Amino acid sequence: MNLSERLRNIIQGTNNHYILIIGMMREHLTTTPDLIDQRAKQYCRLMNLDFGEIYGRTRRRQYVQLRAVMMYVMRTELNMTYTAIGQRFKRDHATALYHCNEIAVEVDLYHDTKRVYNVLRHGIQIIEEEQTESLDYEDSRGVRASTTRPKV
């Protein structure tokens, strides 16, 4: 029995299965690992970062943060396994697990982590909208942004 026959049998069975399949297909069409990569490339271009370093071995803070948030988005939005996430980033599954747990806490605490998370989930327009709002916030180090930026 091939996949189309199995789907037809499930759809004819109950409405709950049909709704579940449609929901899974819709999620798959809206967000994919490649779409997350594309949004990360846009973010890297905006922040003057090298996208190739995300999949590299660098341990610089901005790359590690972006890599960790990408892992977290793949886990929460795509329900990818830690093993699959680790393989995509050429890392161990334990590394993916560590980063996902770390970012789950940081998204609620730090504005800059939440901004990267929102960019990867919704696209680069989040930053454009944010530029029109007040930039007075604390970054992950607890420093007020208005005091760290040069006044023009």
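Computed from the coordinates by the stated procedures, all read-outs in this text should not be read as laboratory data. In this text, all values refer to a predicted model and were calculated from it rather than measured experimentally. A quick note on method: Cβ atoms are made from the backbone with ideal geometry, for glycine too, and the neighbour counts reach across all protein chains shown.
What's the total number of residues in region 87-106 that are part of a loop (DSSP other than H, G, I, E, B) and either crowded, with 18+ Cβ neighbours inside 10 Å or among the polar types (S, T, N, Q) (or both)?
2
Give me the residue from region 27-76 that is in a helix (DSSP H, G or I) and of a type in the set (S, T, N, Q) and, out of that set, nearest to residue 114 (Cα to Cα).
65
Across region 51-82, what is the total count of residues that are hydrophobic (A, V, I, L, M, F, W, C) and surrounded by fewer than 16 Cβ atoms within 10 Å (Cβ to Cβ)?
Here the count works out to 1.
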